[in-house]
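Reviewing the structure listed below.
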Amino acid sequence: MIDNLLFLTAPITVSILLAGVLSYFGNHILSRGIIFIDIAVAQIAALGTMIGLLLGFTEESLNVQMISYLFTVIIIALFALTKFQKQVIPQEAIIGIIYCIGLGLAMLLAERIPGGSNFISKTITGNLLWVTWDKVLNCFIMFLIVGIIHLIFWKNFILISDTKNGLPYSLWKTRSYELIFYITFSVVIVKAVPVGGVFFVFMLLIAPTAAATLFTQNWKKRFIWSWIIGILGSISGMYLSYTMNISNAPAIVTLLGVTVFLLAFGKLAAQKLMKININKAN
């Protein structure tokens with residue numbers, strides 16, 4: 001038991017970090033209604049990595065990471081600059097197009113890279129159980145820098161996320177804040193996907209926040225509860241995958257998804273029971 005816990009210490013630590021930063025961004029993403037943006041960003045980052053591999057660099061090299069960041073920042077900048085007062089093309093449509101282009105190009109490049117198909121598979125499933133303390137430290141430093149930036153602009157970001165119609169500032173001022181927001185978001189996704197995989201990152205971004213939103217609309221409470229749900233779901237799924245010798249990312253994704261539905265059904269049942277009791281009292 002102790003040996004198992006020692007082995008899982010690094011994966012648990014990085015899961016706590018990922019749950020925190022993704023829960024924060026998840027609150028913004030859910031409020032903005034751009035649910036699938038992280039998948040598109042992750043796919044573009046993977047495309048940049050594959051181009052780096054095609055150029056002869058190793059997967060973990062700085063050159064490959066810089067190419068991934070470059071591709072991601074270019075795409076995310078284009079996305080931020082497509083925000084208009086009146087959206088003719090929904091941003092979800094733009095996200096879908098970006099994702100399909102990235103996936104199509106990645107599949108074409110996979111044919112020319114030795115082990116390219118294995119890389120695509122690893123991008124989807126991640127490698128959470130085998131994360132090293134070096135990666136944990138790198139993630140912590142990067143997330144700390146992102147956190148400081150968001151502490152500076154948090155009021156502006158929340159105001160933009162909470163605005164359902166129109167823009168809270170002038171068009172170019174809004175776009176400037178959007179650019180900062182999305183670039184920091186892309187940095188987090190590029191760091192998170194090699195660790196947990198696309199599905200794990202997407203579920204950790206959306207599911208805990210969706211569950212917390214069922215019970216509160218307060219930003220602070222929603223963030224705290226989504227972080228707690230993300231941590232519990234990640235650690236529970238990770239331990240199940242380790243003890244039952246099954247894939248970790250699918251186990252965590254399934255557990256978090258089921259949790260959201262159980263909480264939703266539980267809330268609906270509680271509301272119906274409350275209405276029945278009120279009717280009986282009257």
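The values are calculated or read from the model by the stated rules, or taken from the named source; none is laboratory data. On a predicted model such as this, the values are computed, not experimentally measured, just so you know. In this analysis, Cβ positions are derived from the backbone assuming ideal geometry, glycine residues included, and neighbour counts consider all displayed protein chains.
Checking each residue in segment 22-67 for being under 24 Å from residue 96 (Cβ atoms), in contact with a Leu (Cβ under 8 Å, 6 or more places away or on another chain) and among the small types (Gly, Ala, Ser) picks out 26, 48. A Cβ distance below 7 Å, combined with a sequence gap of six or more or placement on separate chains, defines the contacts here; from segment 129-143, residues that are free of Cβ contacts under 8 Å to residues at least 60 places away in the same chain reach residues that are buried (at least 18 other Cβ atoms within 10 Å of the Cβ) and part of a helix (DSSP H, G or I) in the pairs 142/187; 142/191. A search for C-beta distances below 8 Å between a residue of segment 92-121 that is within 20 Å of residue 29 (Cβ to Cβ) and any residue that is surrounded by fewer than 17 Cβ atoms within 10 Å (Cβ to Cβ) and not aliphatic (A, V, I, L, M), counting only pairs 6+ apart in sequence or on different chains, returns 92/33; 92/36; 94/82; 95/36; 96/36; 99/36.
Whenever a residue of segment 160-173 is of a type in the set (A, V, I, L, M, F, W, C), its partners that are surrounded by 14 or more Cβ atoms within 10 Å (Cβ to Cβ) and modelled with pLDDT of 75 or more, lying with C-beta atoms within less than 7 angstrom and at least six residues away or across chains, give the pairs 160/174; 160/177; 160/178; 167/174. Scanning for something among the aromatic types (Phe, Trp, Tyr) and touching a Phe, Trp or Tyr at 6+ places or on another chain (Cβ under 9 Å), does segment 254-271 turn up at least one residue? Looking for residues that are among the aromatic types (Phe, Trp, Tyr) and touching a Phe, Trp or Tyr at 6+ places or on another chain (Cβ under 9 Å), one finds none in segment 254-271, hence no. In this structure, does residue 7 turn out to be modelled with pLDDT under 80, part of a loop (DSSP other than H, G, I, E, B) and surrounded by fewer than 19 Cβ atoms within 10 Å (Cβ to Cβ)? Answer is no for this residue. Only residues that are part of a helix (DSSP H, G or I) and surrounded by 12 or more Cβ atoms within 10 Å (Cβ to Cβ) were counted across segment 122-143, and they come to 15. In this structure, residue 174 does not satisfy being under 18 Å from the mean Cα position of the chain (by Cα), part of a helix (DSSP H, G or I) and among the polar types (S, T, N, Q).
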